[in-house]
Amino acid sequence: MASIKDVAAEAGVSAATVSRVLNDHPSVSADARTRVLAAVEALGYRPNAVARSLRTDQTHTLGLVISDVLNPYFTELARSVEEEARALGYSVIIGNADERPDLQDHHVRNLLDRRIDGLLVSPTDGGSPLMLDAARAGTPMVFVDRWIPGVDVPVVRSDGRAAVRDLVAHLHGLGHRRLAIIAGPAATTTGQERVAAFREALGAYGLDLPEAYTGQGDFQAESGRRVTEGFLALPEPPEVVFAADNLMALGALDAVRARGLRVPDDLALAAFDDIPWFVHTDPPITAIAQPTGELGRAAVRALVDRIEGRPGESVTLPARLVVRRSCGENPGGNPGGNPGENPGENPGENPVTNRSRS
């Protein structure tokens with residue numbers, strides 16, 4: 001592999017001149033710059049990024065710790081983060097926490113040791129002393145999707161409250177009254193928020209959320225299966241199960257089919273976090289969609305702002321309801337008569353745009 005001295009010899013200049021050209025220093029003559037760049041191209045020279053970072057105190061690398069790489073929501077989020085970072089001149093190192101706080105902190109510690117310029121995290125819980133210490137130490141950091149209360153860093157997330165209200169209005173319009181939820185982990189902000197939004201939306205129609213209709217999940221498929229089996233074993237099972245994320249919804253679907261039952265004939269099903277697979281299930285699943293790609297891009301921009309000395313701002317984007325056929329909808333008409341529903345771009349979908357922002 002060619003060295004900086006090889007480039008200098010090829011161009012007939014000093015190694016210091018090569019370094020100034022590579023760092024775009026204005027003191028280099030046009031002739032010398034042309035010869036150095038030609039030598040770089042001819043020799044296939046690539047600057048040592050690690051050595052450069054020691055000189056500039058920047059690695060142009062971001063760390064991203066996501067909660068579960070198997071969750072299609074976080075896979076799409078990671079993709080949009082990587083694309084936006086690349087467009088802004090940064091690379092990304094990804095760590096998968098697998099919904100485990102200990103593994104999350106392991107990745108955060110390793111990324112900080114690698115001297116990343118900034119950190120994007122979707123926290124698995126609300127009590128990580130490591131992230132609190134990193135924020136206090138001035139590490140540029142942005143929380144995406146979830147956040148840790150009390151840690152003063154920008155948060156980029158979606159607000160699903162209006163979409164949950166739309167969902168409950170839609171279900172009420174279809175005649176459903178016994179509604180249950182598979183909740184996410186109570187230690188996560190999204191787990192708490194989605195249950196609170198669901199309970200509040202039910203209250204607007206005079207409906208309760210009994211303890212028997214509240215099942216504790218962990219944002220993974222097996223918990224959705226387990227909780228739904230419990231719902232189906234009740235003397236009076238719910239008419240609808242609302243899963244607070246997509247993997248738990250797929251687990252719920254497995255539980256219904258394992259009993260020889262059908263969605264929506266025997267149990268209606270809706271989910272938070274829409275994914276492409278939901279169009280292809282039988283029936284297609286009604287879901288709340290987050291603007292995942294936009295969230296990932298906004299999170300990178302906020303983090304780069306902080307890295308480069310600008311104030312990174314929190315961003316909240318609206319989620320929306322996408323109506324399909326898993327709750328007893330009429331595929332040929334306006335399901336449930338919910339005002340504001342318009343045909344979507346994909347066949348069998350009827351998105352309801354969130355009409356409020358926070």
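Here are a few things to note about the model shown:
- Only the Cβ atoms of Lys and Arg (+1) and of Asp and Glu (-1) were treated as charged; on that basis the dipole of the chain about its Cα centre amounts to roughly 720 debye.
- Computing FRET efficiency as 1/(1 + (r/R0)^6) for ARG177 and SER3, where r is the C-beta to C-beta distance and R0 is 51 Å, gives about 0.10.
- Of all DSSP-defined beta bridges confined to the chain, some 15% are antiparallel rather than parallel.
- Evaluated at q = 0.18, 0.21 Å⁻¹, a Debye calculation over the C-alpha positions of segment 38-185 (equal weights, vacuum) places log10 I(q)/I(0) at -1.09, -1.33.
- For LEU234 and GLU308, a Förster radius of 41 Å and the Cβ-Cβ distance give a FRET efficiency of 0.15, rounded to the nearest 0.05.
- Proximal charge balance of SER80 [Cβ under 10 Å; K/R count +1, D/E count -1]: -3
- Shown here is the pair-distance distribution of the chain: with all Cα-Cα distances grouped in 10 Å bins from zero up to the longest one, the shares run 5, 22, 26, 19, 13, 7, 5, 2, 0 percent.
- Of MET131, PHE143, GLY12, farthest towards positive along the dipole that unit charges on Lys, Arg, Asp, Glu beta carbons give the chain: GLY12
- Our estimate of slack between LEU88 and GLU41, defined as 0.36 nm per intervening residue step minus the Cα-Cα distance, is 14.6 nm.
- Estimated from the Cβ-Cβ distance and a Förster radius of 22 angstrom, the FRET efficiency linking THR75 and ARG100 is about 0.80.
- Volume per residue of the convex hull around the Cα atoms, evaluated for segment 147-223, comes out as 113 Å³.
- Carbon plus sulfur fraction of accessible area for the chain, probe 1.4 Å, in percent: 50 percent
- Of the trypsin sites (Lys or Arg not before Pro) in segment 217-292, those whose Cβ has at most 16 other Cβ within 10 Å and which sit in DSSP loop: ARG259, ARG262
- Based on Cα contacts under 8 Å between residues 6+ apart, segment 125-239 shows a relative contact order of 24 percent.
- Heavy-atom accessible area per residue - the chain, 1.4 Å, Å²: 46 Å²
- The simple spin-label model puts a point 7 Å past each Cα toward its Cβ; for GLN216 and GLN192 those points are separated by 1.6 nm.
The values are calculated or read from the model by the stated rules, or taken from the named source; none is laboratory data. Everything quoted here is computed from the prediction, not taken from an experiment. Using ideal geometry, Cβ is built from the backbone for each residue, glycine included, and neighbour counts are taken over all protein chains shown. Calculation scope for accessible area: heavy atoms of the full protein, side chains included, ligands and nucleic acids excluded. Shrake-Rupley method; radii C 1.70, N 1.55, O 1.52, S 1.80 Å.
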